[in-house]
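Working notes for the structure below.
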Amino acid sequence: KRVLAFIWVPLNNGDTNHNGKKRGTTTKRQFSDSNNNNSQWLCINEGLVASGLAHTYSPSKSKKVHNHDKMLGLQKVARTHKIGQWKSFKDYHAIVTPTGGAFHKCKHKKSTVSDCKHLARSKTLNLILVSEAYDRGMHPCRKCFG
């Protein structure tokens with residue numbers, strides 16, 4: 001089971017490191033205001049996504065976090081600028097269903113044929129680029145990519 005949690009940490013301009021020297025908060029500030037209206041707080045989840053260290057994941061299409069759209073935007077920017085995990089990302093085609101939340105591996109290049117058990121009863125399969133799937137808030141299938 002996956003647990004979604006948001007961690008907020010305070011930002012202080014006068015923050016010091018363990019040597020007593022001041023450290024800057026320039027990098028942190030770019031991720032700092034997520035519907036919180038207090039620019040002195042940082043959402044770690046947004047920072048991780050914007051830094052390319054994580055991708056946006058929502059376990060349910062109906063239960064989205066308050067900043068889901070912002071997280072998708074940060075993810076797209078990280079992917080476009082090839083930051084973190086996106087540095088070696090190469091786009092490819094994947095299979096999706098009209099109502100599903102996951103994208104699946106193609107058995108053959110640019111084909112809607114797949115070995116995934118989650119697609120066994122699906123009648124309508126579409127082919128899209130994985131980057132488009134991520135932009136829609138979809139995630140990799142746990143069987144195909146697990």
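The values are calculated or read from the model by the stated rules, or taken from the named source; none is laboratory data. The structure presented is a predicted model; accordingly, all values stated were derived computationally and were not measured. FYI the Cβ positions are ideal-geometry reconstructions off the backbone, even for glycines, and counts take in every protein chain you see. Please note that ligands, DNA and RNA were not included when accessible areas were found on the heavy atoms of the full protein model with its side chains. Shrake-Rupley method; radii C 1.70, N 1.55, O 1.52, S 1.80 Å.
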Per-residue HN-Hα couplings for region 135-146 [Karplus 6.51, -1.76, 1.60; θ = phi - 60°; Hz; x = Gly/Pro]:
5, 7, x, 7, 10, x, 4, 5, 7, 5, 10, x
Run the 1.4 Å probe and let me know the accessible area of residue 99, rounded to the nearest 10 Å².
120
Take peptides 46-52, 57-63 and line them up by average Cβ neighbours within 10 Å, highest first, as a rough protection proxy.
46-52, 57-63
Distant-in-sequence amide H partners of residue 103 (H built 1.01 Å from N, under 5 Å):
139, 141
